[in-house]
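The values are calculated or read from the model by the stated rules, or taken from the named source; none is laboratory data. Note that the structure is a prediction, hence the values are computed from the model and not measured. Here the Cβ positions follow ideal geometry from the backbone for every residue, glycine too, while neighbour counts run over all protein chains shown. To get the accessible areas, we keep the full protein, side chains included, count just its heavy atoms, and leave off ligands, DNA and RNA. Shrake-Rupley method; radii C 1.70, N 1.55, O 1.52, S 1.80 Å.
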Amino acid sequence: MHFSIPETESRSGDSGGSAYVAYNIHVNGVLHCRVRYSQLLGLHEQLRKEYGANVLPAFPPKKLFSLTPAEVEQRREQLEKYMQAVRQDPLLGSSETFNSFLRRAQQETQQVPTEEVSLEVLLSNGQKVLVSVLTSDQTEDVLEAVAAKLDLPDDLIGYFSLFLVREKEDGAFSFVRKLQEFELPYVSVTSLRSQEYKIVLRKSYWDSAYDDDVMENRVGLNLLYAQTVSDIERGWILVTKEQHRQLKSLQEKVSKKEFLRLAQTLRHYGYLRFDACVADFPEKDCPVVVSAGNSELSLQLRLPGQQLREGSFRVTRMRCWRVTSSVPLPSGGTSSPGRGRGEVRLELAFEYLMSKDRLQWVTITSPQAIMMSICLQSMVDELMVKKSGGSITDASASDVHGNFAFEGIGDEDL
């Protein structure tokens, strides 16, 4: 997750109180909450009390007098670096103090009272699951409510996650992000104020070896089966005509385990596919479709004559990666006062070991660049957890490390 404070606002206090500066905290480019300096100072003091001053990053000092515009901008930059540093710290970023602060701030910003509501969660095949939750329930609470509604055992909950998606006109899902422990799912989806945004339940791991644990349970088997059928129908999983015939036969026989065993052998089984975008591989401005899974990023492109070509990049051969953001200038190349800001352009760039002695940067330009980066990090986390003999729940718990550095802060080396 990427935390930023790209802007400030001058706001009036409650009941006509004095004006103050609000700092808008964004997560992956979307407004999460709006807070005052004093609230962040309170968070800092609480973290210092619990973990000690030596653990914490530097916090911008108080000022005796009102801040000038230049000082407000300086404080904004300092607070942004502070929030990024706290989130990236394995201890601080996963602490209940930090996460509960963000949940409260999110609820206060969106002015959502705590009350019981019905929340719609979709399965991968579009089936709707209605759960009764509180508006103040965190992601883990909502996930447990969905599992209880489906009768999914407690020991399998960690194999699944909730994702925020945007439903496109053709019914396909464009993945925005995995919902995190610092947010309230009901508030996150309703604050976007669009019926396009949905919450989807999907498996949270990459290694198909974990399927064996899930398939032993009837509900787990049905969820995996529904997800796989849906992925095949959308073209996410690559299937030949003969394989499609075999799968259809197993579907007609309702042989779900056999269906999944065959599906596991197919290219892009269990992958997450992103919207069409542009890359500089194999050449500049090349239209590609990116998929993530099986410890790799796959780039598919159409050659003249509709021939399909694929390039695969293993995470174990990526020396580092970074996401950069920029705002394109208006036509003419210069900005002028009063002109609106353009849409933010996001790029994921990774340095890849093409051969024994040759490293090359590959850049993907996509609005989903942050999600791609998070997928890369979660695949690395899963590989490391598996190597150390840990469980799938350990891999899920390491999501806090799924941060990356924006250009100018530094690269994230593996």
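What a 1.4 Å probe finds exposed on region 1-67 is 47% carbon and sulfur by accessible area, rounded to a whole percent.
Comparing 120, 183, 73 in a Gaussian network model of the chain, where Cα atoms under 10 Å apart are tied by springs, the biggest mean-square fluctuation is seen for 73. Using only side-chain charges placed at the Cβ, +1 for Lys and Arg and -1 for Asp and Glu, the dipole size of region 206-270 relative to its Cα centre rounds to 340 debye.
With all protein chains kept in place, the per residue accessible area of region 113-204 amounts to 44 square angstrom at a probe of 1.4 angstrom. Any chance you could tell me what percent of the C-alpha pair distances in region 206-270 go past 20 Å? Value for region 206-270: 18 percent of Cα pairs lie more than 20 Å apart.
For residue 32, nonlocal amide neighbours, meaning residues 5 or more places apart or on other chains whose placed amide H falls under 5 Å from its own, are 25, 26, 27. Its alpha carbons considered, the chain gives a radius of gyration followed by a Dmax of 22.7, 76 Å.
The angle between the Cα long axis of helix 241-252 and the main principal axis of the chain comes to about 90°, on a 0 to 90 degree scale.
Between residue 276 and residue 170, the simple spin-label model (points 7 angstrom out along Cα→Cβ) gives 0.8 nm.
Over the C-alpha trace of region 113-204, radius of gyration and Dmax come out as 12.3, 36 angstrom. Find, among the trypsin sites (Lys or Arg not before Pro) in region 40-89, those assigned to loop by DSSP (not H, G, I, E, B) with at most 10 other beta-carbon atoms within 10 angstrom. Filter output for region 40-89: 62. When you filter the trypsin sites (Lys or Arg not before Pro) in region 226-299 for DSSP loop state and at most 12 other Cβ atoms inside 10 Å of their Cβ, you are left with 253, 284. Spatially close Lys pairs in region 1-153, defined by Cα atoms under 19 Å apart and a spacing of eight or more places or different chains, total 4. Close amide-amide hydrogen proximity is noted between residue 2 and 28, each under 5 Å apart and 5 or more residues distant or on a separate chain (H modeled in the peptide plane; Pro and chain starts excluded). Computed over protein heavy atoms with a 1.4 Å probe, the accessible surface of region 206-270 works out to 50 Å² per residue. Summed over the residues of region 3-110 and divided among them, the accessible surface reaches 52 Å² per residue at a probe radius of 1.4 Å. GNM on the chain, C-alpha springs below 10 Å: top fluctuator among 226, 148, 263? Maximum fluctuation in the GNM of the chain, among the listed residues, is at 148. Per residue, the chain reaches -10000 deg cm²/dmol at 222 nm when only DSSP H runs of four or more residues are counted, each adding -39500 (n - 2.57).
Put a dot 7 Å past each Cα toward the Cβ at residue 391 and residue 54; how far apart are the dots in nm? The answer from the label model is 3.4 nm.
Rolling a 1.4 Å probe over the protein heavy atoms of region 225-286, with every protein chain left in place, gives an accessible area that is 49 percent carbon and sulfur. Within the accessible area of region 87-217, the carbon and sulfur atoms contribute 42%, probe 1.4 Å, all protein chains present.
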